[in-house]
Amino acid sequence: MDALTDIFQSMEILSVVQARLEATAPWGLKRAANAEEDGGKATAACAFQLAHFGVITRGNCWLRVDGVPDARPLAGGDCFLLAPGSSYTLRDNPRTRAVSFCTVVPKTGSGTVQYGGGGAPTTIISGWFRFGAASLQPLARLLPPLILVKADQPQAPALGAIMNMLASEMEEPAPGSGLLVNRLADVLFVQCLRAHIASKGCTQGMLRAFFDPRIGAALRAMHEKAEAPWTVETLARTCGMSRSAFALRFKELVGETPLEYLTSWRMQKAAALLQRGNATVAGVAASVGYDSGAAFSKAFTRVVRVAPRQFRKRLLAAGGA
């Protein structure tokens, strides 16, 4: 198992909200990271669990994302994915004034938003992934603020097809639509990240670390055997580096020490196990390398900021287990 597959398997997409924007120039729409979505589909409390995706099916527009230096021109067939918690603006022209998405969402609950001045048309099929809380830290490590897949990239047609299938299933539900929507959402998310990797965009953050010949080897080792009694010395040995050089390079690429990363990843795996299965806390502790339940509970509480049993109780109360 490669490390990215391990991370994907630990993530959970709780729900997908899909919409179609039919805009005519001049038009401009913006969304702040803490804004509320219409119709109870999202609230400010879970705004940072939302990742926005979209595909331009007609016309063109400009996308500006906070944290990305320049506005990006988008044309038919282009796809984008924004990291959770992003603030962004879509408009026909960089100089057009933008209003909040919340002010134009139909009160009828329709999945189609119509907005603009009656000029040149643009259609965007878009939506939001809502992730489980245990998925947020791996996502924050992996995702850049913006993944943009241009229409001429090899992966763009497949992404567009998946988005169209997703839109069709949500607009006209049939038996099994709920299951199919969740599966399509998983595929869409992974395909976006794969397209980003294929575009040689992994120049910073965790993706750069995963593809570094030496540090990547240590990360793979940790993900293959998270329960192993790793030390900085044994991890350095897996990638043929001295202890000091490995520790320095790892901190440079990942942003934390090897053992900090290992502990954090173990707790993310533990959170996913507590959320998805019926394993006991002691069983979860053993699966992530802890012989002592007390030591595991202490580490989990430090990283997740709630004790394991309380974490599971909250999930049960919220219907998340």
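The values are calculated or read from the model by the stated rules, or taken from the named source; none is laboratory data. Here the structure is a predicted model, which means the values were calculated and not measured. Please note: Cβ atoms are built from the backbone with ideal geometry, for glycine as well, and neighbour counts cover all protein chains shown.
A search for C-beta distances below 9 Å between a residue of the stretch 8-26 that is assigned by TED's automatic domain parsing to the domain that holds Pro84 and on the phi < 0 side of the Ramachandran plot and any residue that is among the basic types (Lys, Arg) and assigned to a helix (DSSP H, G or I), counting only pairs 6+ apart in sequence or on different chains, returns Ser10/Lys269; Glu12/Arg276. The residues of the stretch 63-107 that are in contact with a Gly (Cβ under 6 Å, 6 or more places away or on another chain) and not in a loop (DSSP other than H, G, I, E, B), listed by number, are Phe80, Arg91. Here Leu262 fulfils each of the conditions (1) surrounded by fewer than 18 Cβ atoms within 10 Å (Cβ to Cβ); (2) not in a loop (DSSP other than H, G, I, E, B) apart from (1).
In the set Lys251, Lys313, only one residue is assigned to a helix (DSSP H, G or I), within 21 Å of Pro138 (Cα to Cα), out of contact with any helix residue (DSSP H, G or I) (no Cβ under 6 Å at 6 or more places or on another chain) and without any contact (Cβ under 8 Å) to a residue 12 or more places away in the chain; that residue is Lys251. Restricting Ala158, Ala167 to those that are part of a helix (DSSP H, G or I) and at pLDDT below 80 reduces the list to Ala167.
Scanning the stretch 274-291 for residues that are within 16 Å of Ala226 (Cα to Cα) and outside any helix (DSSP H, G or I) yields a count of 4. Any residue in the stretch 181-209 that is at positive phi and at pLDDT below 80 sitting within a Cβ distance under 7 Å of a residue that is surrounded by 15 or more Cβ atoms within 10 Å (Cβ to Cβ) and assigned to a helix (DSSP H, G or I)? List the pairs, counting only those 6 or more apart or interchain. Going by the 7 Å Cβ cut-off, the qualifying pairs are Gly205/Arg141.
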